[in-house]
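Where a number appears in this text, it was derived from the coordinates with a stated rule and is not lab data. In this text the structure is predicted, and so the values were computed from the model without any measurement. Glycine also receives a Cβ, built like all others from the backbone with ideal geometry; neighbour counts cover every protein chain displayed.
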Amino acid sequence: MKRKILFVAALAAPLTFMAPVASAQTADTWKWQASIYAYLPDISGRTTFPDRNGGGGSTLDAETILDNLKMTFMGSLEASNGRWGMFTDAVYMDIGNTKSGYRDFTLGGSALPAGVDANASYDLKGWAWTLAGTWRIASDPASKMDVIAGARLFDMRQTFAYEVTGNVASIPAAGRAGTFEAKLSNWDAIVGVKGRFAFGEDRKWFVPYYADIGTGESDLTFQAMGGLGYSFGWGDVVAAWRYLDYDMKSGKKIESMTFNGPAIAAVFQW
């Protein structure tokens with residue numbers, strides 16, 4: 001909770017102390033920017049899978065089994081006209097793994113008995129899609145800042161399958177194998193800031209940043225990104241770190257999810 005309070009304070013500070021000064025821009029001139037990312041996050045989260053057959057289900061911490069990223073896509077599109085603008089950002093991930101001798105989950109609300117482990121497989125597929133409007137509050141040759149307001153969709157599906165091995169006499173026959181599924185589709189309203197600070201000769205080097213926070217069908221979601229970029233004639237190359245966190249409301253099968261890792265992007269402007 002302290003981490004989240006500090007995040008909100010850091011997000012609010014620039015809006016409190018920075019005067020809303022915008023540079024003169026040519027009206028009715030649309031500027032476009034598209035980014036394609038390679039994103040390699042660590043993923044953690046806690047999910048309670050209901051049993052399709054009416055049993056006790058299973059609880060799993062995703063980080064104990066995940067280490068294979070099957071496919072990821074991350075891209076964004078942005079348009080601006082004067083001080084107004086809009087952008088959309090999408091992250092898609094397909095992640096999974098299979099492990100033998102796995103014990104880090106509960107079955108029917110209880111840990112596996114001594115002498116018992118499992119062959120387990122886990123698969124996660126999902127989208128995080130952001131759509132927002134922007135308003136430029138500050139701009140000069142070296143920096144710019146936009147406030148943003150919009151919504152984010154978090155659509156996630158997880159599948160967990162297991163087959164217990166070892167001393168299974170203590171486990172009823174019906175509980176020795178199973179497949180569980182948990183999914184959700186949440187919309188949340190978000191607000192935040194984004195921008196960049198340029199430095200160096202001809203201001204070709206820059207530090208991009210982004211932060212948002214929101215709530216709605218989720219209890220709380222927040223996202224932060226920062227990195228280092230370099231401008232070329234055709235656009236930019238950016239290396240960054242991106243963090244996306246979700247805490248779900250009580251009673252949700254997927255209790256929490258976090259995506260945290262490096263990204264590299266090619267940014268095209270016209």
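Structure data summary
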read-out	value
Neighbour-count ranking [beta-carbon atoms within 10 angstrom, fewest first] of Ile137, Ile36	Ile36, Ile137
Note, ³J(HN,Hα) from phi for segment 185-192, Karplus 6.51, -1.76, 1.60, rounded to Hz, x at Gly and Pro	9, 10, 10, 9, 7, 10, 9, x
